[in-house]
1. Could you pull out the trypsin sites (Lys or Arg not before Pro) across region 17-87 that fall in loop regions by DSSP (anything but H, G, I, E, B) with no more than 10 other Cβ atoms inside 10 Å?
2. Viscosity 1.567 mPa s, temperature 4 °C: give me the Stokes-Einstein translational D for region 25-69 in µm²/s, with Rh taken as the Kirkwood radius over C-alpha pairs.
3. So which residue, out of Leu13, Leu31, Leu61, gets the largest mean-square fluctuation from a GNM of the chain using Cα contacts under 10 Å as springs?
4. Which Rg and Dmax, in Å, describe the Cα atoms of the chain?
5. At most 10 other C-beta atoms within 10 Å and a DSSP loop state: those are the exposed chymotrypsin sites (Phe, Trp or Tyr not before Pro) I care about. Give me the longest piece of the chain that has none.
Amino acid sequence: MPRKLFRFLDWTLTLGREPDAPPIQHLYRCLGEDEDGKPCGAEGPVHEAFATAQKWPFDHLKVQQEHRSYAHVAVTPWLMVPQEEPS
């Protein structure tokens, strides 16, 4: 049976800023409730531009004027980096 040697390394979780990292993405989700108490849960489209994503809650409020609470959802790339590269 083959044997493997494992080393314990110190790792750091860091924001992925390498050139090939995927872009940060933003969306907003409605936290309001419908008349029967069910969460609305409607979501705006995903955008790379934060300011563009912020337009959706205003559009949703035009249709659902009692829905005034929203969650901002951001998808950001993260990278695990070892303190030293394993040999």
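1. Details: sites: Arg17, Arg29, Lys55, Lys62, Arg68; in loops: Arg17, Arg68.
Filter output for region 17-87: Arg17.
2. Here the translational diffusion coefficient equals 121 µm²/s.
3. Among Leu13, Leu31, Leu61, the largest mean-square fluctuation in the Gaussian network model of the chain belongs to Leu13.
4. Expressed in Å, the Cα Rg and Dmax of the chain come to 20.8, 66.
5. On the way: sites that count: Phe6, Phe8.
My reading of the result: 9-87 is the longest stretch.
Taken together, the values in this text are just the output of simple stated rules run on the coordinates, not laboratory data. Just so it is clear, the structure is predicted and the values come from calculations on it, not from any experiment. Positions of Cβ are backbone-derived with ideal geometry, glycine not excepted, and every protein chain shown enters the neighbour counts.
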